[in-house]
Amino acid sequence: MKTVRKIFFRSFLLQSIWNYELMQGAGYLYCIFPKLKELYQSPFDLSTACLRHLNYFNTHPYTVSAVLGRNARIEEENRLSHDTAAAASNRFKLQMGGPLAALGDKIFWSTWRPFTGLLGVLAVFLRLRPGFLVPLGFILIYNIPVIRFRYRTLIKAYTGELDLIDVVKRINTRFINSILPAAGLVTTAVCLGAVFYRWGPVRGGLLLGFTAAVALVRGRYRVSATLLLYAVSLAVFTGSLIVKW
Amino acid sequence: MNLLTAAILGGFFISDTTAFGQFMFSRPIFCGPVIGLLAGDVSAGLYVGMIMELIWITVIPLGGAVPPDSGAVASAAAYISAGYGPDRGFMVFIILLLVPLGILFKRIDMLHREFNVYFVHKIEEKLGEEDTSYVGRAALYGYILFFLKGFFFLLIIMGAGSFFLPYLYGYLPEIARESLGEVFFVMPAVGLGAVLTAFTFKKSRIAR
């Protein structure tokens, strides 16, 4: 179990050697290394085991915990032969990497992170004082469930309490698909409301109008956020110049 | 001294995007205010961080794709505008000028990731010689490289930016500066609109 904890801390550096050839592959070897070191004493065996892990691998940096935990177990079970261990590990890594990446992207990158970021934005709009509470609160709210998830998934995948198919099944789809987005919409609405209150109806109305326009454009076409930023800024800048003239 | 501290701290925050942890230190809403606090004006950092967070709120790093680095831009912008004082027009000016640098940083990042293949070959070579200690060192060197990249990028942008940009802004006519100040109030629209789209027009959902 001590080794698994080491793997947990190493998993933070998973992408430190990210490259276009193996993607997270080399970092993955770095993460699983303590387990290999525990299993193989002779330098020859250890380097052979390392070389088998030096291959293409890519997934989400949080859900990698599940792969690492289960993979550590697989290595233990197949410690007697490099061939069977290589076959089992590599097949497992290739099978789980993709689906877990999609899951992580969906849950963390496209739902949880925008939602918590929006809470931070709301705190700025509502003028939460003292100001340093905003970044502090954001980092705590975001990380507490995430670190818990990363740690527990690793331990449970290792002990075998967690079947990886189960992870997918047990995800609270309602929370991710409906509740969080709805809460995000409410937060956006409160932000807009706060703007009306603070900056007056003209500026609030302008913001509301442009927000609706951006939402419509983004819903229909793939336009980059940067381009929209310049388009909106240019429009307002010119408009304001004309009015002030 | 302050510049150096800000660049070191910022370099650490940016490295969080890829190399270390993904604790979201690299999100503008975090690194903006923190760097702003360091540079003496937390509220400038908060506003810059809030706007930048909104611009890139729905942009996500899918697979091997590298999005423009929001943390690098937010840290630099927060430092420069916190040093200038509370002026909405200046914040907008800084944001509009620095956003393209996020794309420049992304290009540098892609070159860096191509370079990292070097470590893979080196690990392979060392393992061939039965030297396993290099695996750990490679991760450390890899991290240091990610850190240094962000550190030097910020050092240059923060240093040059806080020196030249206030002058440049001073040359603008009064009416242009006031109009830039008006843009400030509408900038959040880009992000709020994107959030509305992302949370309503769902294209992908987790199948039950």
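The values are calculated or read from the model by the stated rules, or taken from the named source; none is laboratory data. Treat the numbers as computed from the prediction; the structure is a model and nothing was measured. Reconstructed Cβ throughout: ideal geometry from the backbone, glycine too, with neighbour counts over all protein chains shown. Areas reflect the complete protein model, heavy atoms only, side chains present, ligands, DNA and RNA absent. Shrake-Rupley method; radii C 1.70, N 1.55, O 1.52, S 1.80 Å.
Placing unit charges on the Cβ atoms of the charged side chains and taking the dipole of chain A about its Cα centre, the candidate lying farthest along the positive direction among A:185, A:196, A:128 is A:196. For the pair region B:42-110 and region A:46-88, the centres of their Cα atoms are 39 angstrom apart. Contact residues in region A:58-77 by the 10 Å² criterion (accessible area, 1.4 Å probe, full protein complex versus chain alone): A:58, A:61, A:62. In the context of the full set of protein chains, residues of region A:2-244 present 44 Å² of accessible surface per residue (probe radius 1.4 Å, heavy atoms only). On the beta carbon distance between residue A:175 and residue B:164, with R0 = 56 Å, the FRET formula returns roughly 0.70.
Using the Cβ-Cβ distance between residue B:140 and residue A:45 with R0 set to 25 Å, the FRET efficiency works out to roughly 0.55. When +1 charges are put on Lys and Arg Cβ atoms and -1 charges on Asp and Glu Cβ atoms, the dipole computed for chain A relative to its Cα centre reaches about 760 debye. The angle between the Cα long axis of helix B:70-84 and the longest principal axis of the Cα atoms of chain B comes to about 40 degrees, rounded to the nearest 10. For the protein assembly as shown, taking Cα atoms only, Rg and Dmax work out to 23.4, 82 Å respectively. Neighbouring Cβ atoms from other chains, within 10 Å of the Cβ of residues in A:221-231, number 5 on average. Surface burial for A against B, with a 1.4 Å probe and both sides summed, reaches about 7900 Å² of accessible area. Between 0 and 90 degrees, the angle of helix B:2-18 with respect to the longest Cα principal axis of chain B falls at about 60 degrees. Structural descriptor for chain B: relative contact order 29 percent, calculated from alpha carbon pairs under 8 angstrom and at least 6 residues apart. Its residue count N fixes a reference of 2.2 N^0.38 Å for region B:19-68, and the Cα radius of gyration divided by that reference is 1.25.
Working from Cα positions, state the angle (0 to 90°, nearest 10) between the long axis of helix A:113-125 and the longest principal axis of chain A. Rounded to the nearest ten degrees, it is 40. Evaluate the Debye formula for region A:1-44 with equal point scatterers sitting on the alpha carbons, no solvent, and hand back log10 of I(q)/I(0) at q = 0.25 Å⁻¹, in q order, two decimals. Scattering profile of region A:1-44, log10 relative to I(0): -0.83. Computing Rg and the Kirkwood Rh from the Cα coordinates of region A:2-244 gives a ratio, Rg/Rh, of 1.11. In a simple Cβ point-charge model (Lys, Arg +1; Asp, Glu -1; nothing else charged), the protein assembly as shown has a dipole of about 1320 debye relative to its Cα centre. Within the accessible area of region B:87-208, the carbon and sulfur atoms contribute 66%, probe 1.4 Å, all protein chains present.
Along the axis of the charge dipole computed for region A:2-244 (Cβ charges of +1 for Lys and Arg, -1 for Asp and Glu, origin at the Cα centre), the listed residues A:104, A:12, A:138 are led at the positive end by A:138. By definition, a body whose alpha carbon gyration tensor gives a ≥ b ≥ c is oblate when a/c is 1.5 or more and a/b is not larger than b/c, and chain B fits this oblate description. Of the chymotrypsin sites (Phe, Trp or Tyr not before Pro) in region A:138-234, the ones in a loop by DSSP (not H, G, I, E or B) with at most 12 other beta carbons within 10 Å are A:221. Entry comment: accessible area of region B:115-208 is 48 Å² per residue, from protein heavy atoms only and a probe of 1.4 Å.
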